[in-house]
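For reference, the structure is listed below as structure tokens.
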């Protein structure tokens, strides 16, 4: 009778029969509150509205209900040996409720259901707030991880650039030192071989006793051991410096590459504007004196 009362109460409250039967069966007919809790927890199940199919030998209460029904005579026989209180209890439970009692019970159950629903909504709201907190926390942690990775990448890039600049600086220093050594070696090579001739040529030429002297002695030619070179660069600016007369023209080109704003790696050529003459790679190994660039000359830088 208690099972039917729970089922009927659920039907009176507006629940579908399939749902009500499943609630009663799955809660083991433990009462209206347990059945209502089960309904609210499983209201979104996909099979909630399918007809309830009880196991064999069990109807809305399972085997336990059948067993309790089968044992009722034994319990009744036991109650006859007592003081009769159990019989009174069963008679009170089997007594049908009046319409007012039934309505009062339905009203109480509806109020209970509203309370349960309010509690569930509050619980769901708190769970949603907790999930939102977790999402924000995870988002912040993810942002911190991304920021750390970005900072690490920036540090690595800055360290790489610093190392590249240092390597480039060292490479330039090595090139300058090599150019200085090459210039010194060339100066020693060409300067040493040309010293006797320069010393000999520095002596004034004596007229031959047998040569005619009708026009007087020939003028002496001054020998220069340095050349002042002015170079006009690609941007129109000029640089001027002095070179040994025996230094090759290549020394002038190297000096221009190291002391001008010419892009690194840019091949350049040198030419003389008056008369116009562009110097070749073979000319680069010739001394300035041999090329007629002593004691001074003007050269122009051109792109190859």
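Where a number appears in this text, it was derived from the coordinates with a stated rule and is not lab data. Because the structure is predicted, anything quoted here is derived from the model rather than measured. A quick note on method: Cβ atoms are made from the backbone with ideal geometry, for glycine too, and the neighbour counts reach across all protein chains shown.
Between residue 48 and residue 159, what length in nm is gained on full extension when 0.36 nm per residue of separation is reduced by their alpha carbon distance?
33.5 nm
Give me the one-decimal nm value for the distance between modelled label points at residue 110 and residue 5, 7 Å along each residue's Cα-to-Cβ direction.
According to this spin-label approximation, the distance is 2.1 nm.
Fewest to most neighbouring Cβ within 10 Å: what's the order for 302, 6?
Fewest to most other Cβ atoms nearby, the residues stand as 302, 6.
Among 300, 231, which comes first, then next, by fewest other beta-carbon atoms within 10 Å?
In order of increasing Cβ crowding within 10 Å: 300, 231.
Please report the equivalent ellipsoid semi-axes of region 1-43, computed as sqrt(5 x eigenvalue) of the Cα gyration tensor, largest first, in whole Å.
13, 12, 8
Using the count of nearby Cβ atoms within 10 Å as a rough guide to exposure, how do 279, 52 rank from fewest to most?
Arranged by neighbour count, lowest to highest, 279, 52 become 52, 279.
Whole number please: convex hull volume per residue of the Cα set in region 226-303, in Å³?
So the per-residue Cα hull volume is 80 Å³.
If the chain between residue 152 and residue 222 were fully stretched, how many nm would it gain, using 0.36 nm times the residue separation less the Cα-Cα distance?
Gain on extension, residue 152 to residue 222, equals 18.3 nm.
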